[in-house]
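Taking it in order: structure first as structure tokens, then the write-up.
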Amino acid sequence: MMPELGKYAGTVLSAYGASIVLLVVLVAASWRRARKVKAALAKVENPDG
């Protein structure tokens, strides 16, 4: 299923790899930030407990 990339295989595959890594980092950062914001919101909404 892999297309023949010839002499550009390294460049194309490294671009795909970098894109996947960046997407994973962005998703992880968004998820982490969402957890922090949710905790801060819960603290503001219920300061007693």
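For the reader, a short list of remarks on this structure follows.
- Qualifying residue in the stretch 22-40 (condition: in contact with a Leu (Cβ under 8 Å, 6 or more places away or on another chain), surrounded by 10 or more Cβ atoms within 10 Å (Cβ to Cβ) and among the hydrophobic types (A, V, I, L, M, F, W, C)): no
- Meets criteria (surrounded by 10 or more Cβ atoms within 10 Å (Cβ to Cβ), more than 17 Å from the chain's Cα centre (by Cα) and not charged (D, E, K, R)) for residue 14: yes
- For the chain, a tally of residues being assigned to a loop (DSSP other than H, G, I, E, B) and among the charged types (D, E, K, R) returns 2.
Read the figures in this text as sums done on the coordinates, not as results from a lab. As the structure is a computational prediction, the values presented were derived from the model and not from experiment. When we count neighbours, we look across all protein chains shown, and the Cβ atoms used for this are built from the backbone with ideal geometry, even at glycine.
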